[in-house]
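Below is one structure, written out as structure tokens, with a few remarks after it.
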Amino acid sequence: MKKVILAIILLAAGFVGGYYSYEPIYMWKLDRRLQAKYLDKPAPAIETTTIDGLPWRLSDTRGKVVLLDFWAAWCSDCAVEIPTIKKIYEKYGSRNDFVMIGVSLDLEREPLRKATIEKGLPWLQLFEEGKKWSNSAAVAYGIRSIPSVWILDRQGIARGVNLHDEGEIFSTLQKALLK
């Protein structure tokens, strides 16, 4: 019941704020568009920076299953999804064949850094100062709404695109890890 009430509040807030991305029909079309373009295809290359300003490339993860979590500290829907992401990290984070990466769409470094500490998010965070939606990874992956979870297999093929449901995230990840 609490999830339903929260969903109604978020939906209303989206309409009041004029954010079309919360419209269910739009989200369905977005999911279908992303799946048609990316699912079961090589994931776009990412060359960006970490929260600490260090260079980072997706190609360096080849041979590992990758979970990309597009999110932001200011995103209320992302906050709702964090417990699921933390469960995944607790279960798989110590595996040598798995890497979990947050792709932050925050504008500034300090709110992101503060959120990762307060929420206990120990995995790698990618960040581009001042970019928000024009973050190079978000652009490459067609991200128009967050949170958005992607799962890439060991060969860099997108096996999960714009996932939101906890069960779907876990089952897609487990399948990728078994291959």
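The values are calculated or read from the model by the stated rules, or taken from the named source; none is laboratory data. In this text, all values refer to a predicted model and were calculated from it rather than measured experimentally. Here the Cβ positions follow ideal geometry from the backbone for every residue, glycine too, while neighbour counts run over all protein chains shown.
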State which residue pairs qualify: first residue within 27 Å of Gln174 (Cβ to Cβ) and inside region 45-69, second residue exposed (fewer than 11 other Cβ atoms within 10 Å of the Cβ) and modelled with pLDDT under 95 in any location, beta carbons under 9 Å apart, and separation of 6 or more residues or different chains. Val65/Lys179
Output yes when any residue across region 93-104 is in contact (Cβ under 8 Å) with a residue 40 or more places away in the chain, farther than 18 Å from Val161 by Cα and basic (Lys, Arg), and no when none is. yes
Which condition does Ala137 not pass, out of (1) of a type in the set (A, V, I, L, M, F, W, C); (2) in a strand (DSSP E or B); (3) closer than 18 Å to Asp52 by Cα, if it passes all the others? (2)
What residue, among those in region 140-171 that are charged (D, E, K, R), at pLDDT 95 or above and part of a loop (DSSP other than H, G, I, E, B), is farthest from Ser76 (Cα to Cα)? Arg154
From the options Glu23, Glu90, residue that is modelled with pLDDT under 95 and more than 16 Å from the chain's Cα centre (by Cα): Glu23
Mind telling me which of the residues Glu118, Glu168, Glu110, Glu128 ends up being charged (D, E, K, R) and in contact with a Gly (Cβ under 9 Å, 6 or more places away or on another chain)? Glu168
